[in-house]
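Input: a single structure, listed below in structure tokens.
Please treat every number below as a calculation from the coordinates, not as lab data. What you see is a predicted model, and the numbers here were worked out from it, not measured in a lab. Virtual Cβ from ideal backbone geometry, glycine too; neighbours counted across all protein chains shown.
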Amino acid sequence: MKKICIIGLGYIGLPTASMFASHGYKVVGVDVVKEVVEIINDGGIHIEEPGLKTLVSAAVRSGNLVASTKPEKADVFIIAVPTPAREDKRTGKKKSDLSYVRSATKSIVPYVKKGDLVILESTVPPRTVEDVMIPLLDKTSLKPGKDYSIAHSPERVFPGRILEELITNDRVVGGFDEQSALRTRRLYKTFVQGKIFITDSTTAEMVKLMENTYRDVNIALANEFALVAEKLGINIWEAIAIANHHPRVNIHCPGPGVGGHCIAVDPWFIIEKVPKLARKMLLARQINDGMPKIVVRKIKDLVKGIKKPVITILGMAFKANVDDVRESPALHIIRDLQRFSKDVRVFDPHVKKFDKGNLVSSLEEAVKGSDIVALITNHNELMRIDPLKIRKLMRNKKLFDARGSLDHKRWQEAGFEVSALGIAPEKIDS
Ligand code: SAJ
């Protein structure tokens, strides 16, 4: 059986590594963080993802998955490292940081040999395989297409459902040449049950970015609708629910902004390549990035007049039922509110660590003496909060719902003054 070396054991690399290992491949998972390597070799995991721990510990126990801080000789190399976007403080625009892709590619140069297959899974700006990776791999003196194969196969899984979606999602594979694409498809067919479409590497890079940009633009539209609704005496959640009964309409959900390492980042990878053409994409980014400030303004208005207001933030993860806080709008909201109030408490049943604020471990602690609770992330546990239970603990009873998700009537009946994104005040009271 072939040996696979996977560089990067994060949200994508680790599930992919353990999936191949559980299908009989010998897998070496590489990560630069020593603690991550130790945790995995002990059969544990360093991230939260349903089902992952069982899969990883079985793969490690079987001997098929070994983690290491260094790559090794293998038949297949898969690169799954982060590609963050860095902000240019002067323009406010972001650009891809490909330093991890570069260092991962350099790290495999001593090990790639004739006949090997190199796959990039990380999301990247179009032309990265051709213009960034191949020039680095030229140091092997091997020729792409002729001596080794190289392809891009972006991951498209949904955090919280990664294992299921790795198997069932359709995939795109973009090869340097047809042979590269066909070899990559054959490899993923080991566990992928969805269709695997074949194209060239630059098209595959663009496909991935287009998918997330489509969502970003649609979320921006939903956010704009929400703000318009507040002005025009409408409950946007009701309006969207009705509009979405049209067979060809799928309006997304308004919210406190777009977080995560994908949707808030990927449009920038197109914008950086064609800044003059990418007008709608840029505006969508700006609208979504502006949402945390709007939420902050609303919360501040609600506690106006209260001396030394105590603010409770419910939910810090970037979306429901995950522990991931990368690019989370909550981080911006908390930071801005901390400039305004000395007592901002954060409660998130999924997030265990937060260096920059008062993350408390119980709901009671979070609401005791508080003036307002603001729902930022609609985790299931937070949706089940009983307003009757927390009202006794609060100093003032105010609720701001940035997800339009709570049962407002119930909160009002419990004596809360309710306010929500996308709902005109007169609609809340009705
Ligand atoms: N959000 C809204 N309104 C919506 C949908 C999402 O405000 O209607 C917000 C969420 O709260 C969150 C952010 O957008 O902050 C992104 O969340 P998400 O759940 O839509 O997406 P991600 O970032 O978890 O995963 C996306 C997925 N892409 C698409 O749905 C097109 C996933 O399939 C990709 O694999 C992933 O990006 C990725 O890795 O690129």
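Cβ crowding within 10 Å ranks S141, S362, S103 as S141, S362, S103, fewest other Cβ atoms first.
In a fully extended conformation the segment linking N396 and D147 would gain 82.6 nm over its present Cα-Cα distance, using 0.36 nm per residue.
Residue by residue, the range 278-284 carries 3J(HN,Hα) couplings of 8, 7, 5, 5, 5, 4, 4 Hz when phi is fed to the Karplus relation 6.51 cos²θ - 1.76 cosθ + 1.60 (θ = phi - 60°); x denotes Gly or Pro. Coupling constants for the range 307-317 follow from the phi torsions by the Karplus curve (6.51 cos²θ - 1.76 cosθ + 1.60, θ = phi - 60°), and in residue order they are 6, 6, x, 9, 10, 10, 9, 9, x, 10, 5 Hz; glycine and proline get x. For the chain, the relative contact order comes to 11 percent (Cα pairs under 8 Å, sequence separation of at least 6). From most to least packed by mean Cβ count within 10 Å, the peptides 329-336, 27-34 give 329-336, 27-34. Remark: the range 375-391, residue by residue, has Karplus-estimated 3J(HN,Hα) of 7, 9, 10, 8, 4, 3, 4, 6, 5, 8, 4, 8, x, 5, 6, 8, 4 Hz, where x stands for each Gly or Pro and the curve is 6.51 cos²θ - 1.76 cosθ + 1.60 at θ = phi - 60°. For the range 351-409, what class follows from the C-alpha gyration tensor (a ≥ b ≥ c being the square roots of its eigenvalues): rounded when a/c is under 1.5, otherwise prolate if a/b is larger than b/c, else oblate? In terms of gyration-tensor shape, oblate. Lysine pairs in the range 320-422 whose alpha-carbon atoms fall under 22 angstrom of each other, counting only those eight or more residues apart or on distinct chains, come to 19. Centroid-to-centroid, using Cα positions, the range 160-175 and the range 32-107 are 17 Å apart. Close amide-amide hydrogen proximity is noted between F77 and C5, L117, V118, I119, each under 5 Å apart and 5 or more residues distant or on a separate chain (H modeled in the peptide plane; Pro and chain starts excluded). Calculated mean residue ellipticity, 222 nm, the chain: -11000 deg cm²/dmol, from DSSP H runs (n ≥ 4) at -39500 (n - 2.57) each, averaged per residue and rounded to 500.
Taking 0.36 nm per residue of separation and subtracting the current Cα-Cα distance, fully stretching the chain between S62 and K304 would add 81.1 nm. Full extension of the chain between N380 and L136 gives 83.2 nm of extra length, using 0.36 nm per residue less the Cα-Cα distance.
A simple spin-label model places the labels of L232 and D407 3.1 nm from each other, with each point 7 Å out along Cα-to-Cβ.
Inter-label distance, K113 to R127: 3.5 nm, where each label sits 7 Å from its Cα along the C-beta direction. Shape summary of the range 13-162, radius of gyration then Dmax from alpha carbon positions: 16.3, 52 Å. Under a 10 Å cutoff between Cα atoms, tell me which one of S62, S370, S18 has the largest fluctuation in the Gaussian network model of the chain. Among S62, S370, S18, the largest GNM mean-square fluctuation belongs to S62.
Packing around the peptides 264-273, 409-418, taken as the average count of other Cβ atoms within 10 Å per residue, puts them in this order, highest first: 264-273, 409-418.
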